[in-house]
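No lab work stands behind these numbers, since they all come straight from the coordinates. Just so it is clear, the model here is predicted, and its values are computed rather than measured. Counting neighbours? That spans all protein chains shown, and the Cβs are built from the backbone with ideal geometry, glycine included.
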Amino acid sequence: MVVMNQLELKKLIREIPDWPKPGILFYDITTLLKDPQGFRTLIDQLHHHYYTKPVDVVAGIEARGFIFGPALAYRLGAGFVPLRKPNKLPAETARETFQLEYGTDALEIHKDAVQKGQRVLICDDLLATGGTAGAAVRLIKKIGGEVVGCGFAVELTFLNGRKRLEGIDVFSLLQYDKG
């Protein structure tokens with residue numbers, strides 16, 4: 001097995017300027033995910049960070065958290081549940097609304113997706129301002145889960161998203177200090 005270093009992994013991330021709007025530099029992890037060694041390193045490093053913590057369920061945030069969340073859940077011997085955008089889940093849901101730079105959004109989860117006291121690891125592709133991840137934490141707690149951590153492929157440290165996740169074990173594979 002080959003473990004890639006930080007520089008090699010960063011070379012696999014495609015940077016797209018002015019997307020989805022002018023002034024935003026988008027970090028596209030699909031180019032890392034399609035690389036077998038890059039994808040394996042992502043899953044292995046997340047697993048390595050969390051395998052000593054008891055995790056019952058991995059909750060993946062739509063959409064890219066759905067890509068590597070199930071693989072991480074498998075490695076941890078945990079279940080997987082999706083945190084979806086509104087009106088995508090068929091059974092009774094709980095919702096958490098949050099602020100974005102350009103408006104509001106929300107996440108939903110089936111009310112029975114996590115049982116009271118279950119230990120949940122939240123995962124997503126990117127930690128930026130922490131708005132989405134913070135909403136995910138509140139949503140898991142709202143339905144009775146215990147958040148054991150938040151794992152990300154990429155963190156934009158200059159946006160200080162960790163501040164919204166105080167008291168939570170936050171792990172990111174790759175960090176970017178400026179946009």
| note | Here the stretch 79-88 yields Karplus 3J(HN,Hα) values (6.51, -1.76, 1.60; θ = phi - 60°; whole Hz; Gly and Pro given as x) of x, 10, 10, x, 9, 10, 6, x, 6, 10
| field | Segment Asn5-Asp169, extension gain: residue separation times 0.36 nm, minus the distance between their alpha carbons | value | 56.8 nm
| request: Compute the longest continuous run of the chain that contains no exposed GluC sites (Glu not before Pro); treat a site as exposed when its DSSP state is not H, G, I, E or B and it has at most 12 other Cβ atoms within 10 Å. | output: 1-91
| message | Are there any trypsin sites (Lys or Arg not before Pro) in the stretch 88-163 that are in a DSSP loop and have at most 13 other Cβ atoms within 10 Å? List them by number. | response | Lys88, Lys116
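Which pairs break 19 Å Cα to Cα here: Lys21/Lys163; Lys34/Lys178; Lys11/Lys178?
Working: Lys21/Lys163 25 Å; Lys34/Lys178 25 Å; Lys11/Lys178 16 Å.
Beyond 19 Å: Lys21/Lys163; Lys34/Lys178.
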| query | Gap in Å between the Cα centre of the stretch 35-67 and the Cα centre of the stretch 103-160? | reply | 14
| note | Everything considered on the Cα gyration tensor (a ≥ b ≥ c; rounded for a/c under 1.5, else prolate if a/b is larger than b/c, else oblate), the stretch 21-99 must be described as oblate
| Once the chain is represented by equal point scatterers at the alpha-carbon sites, with solvent omitted, what log10 I(q)/I(0) does the Debye formula produce at q = 0.09, 0.11, 0.13 Å⁻¹? | -0.29, -0.44, -0.62
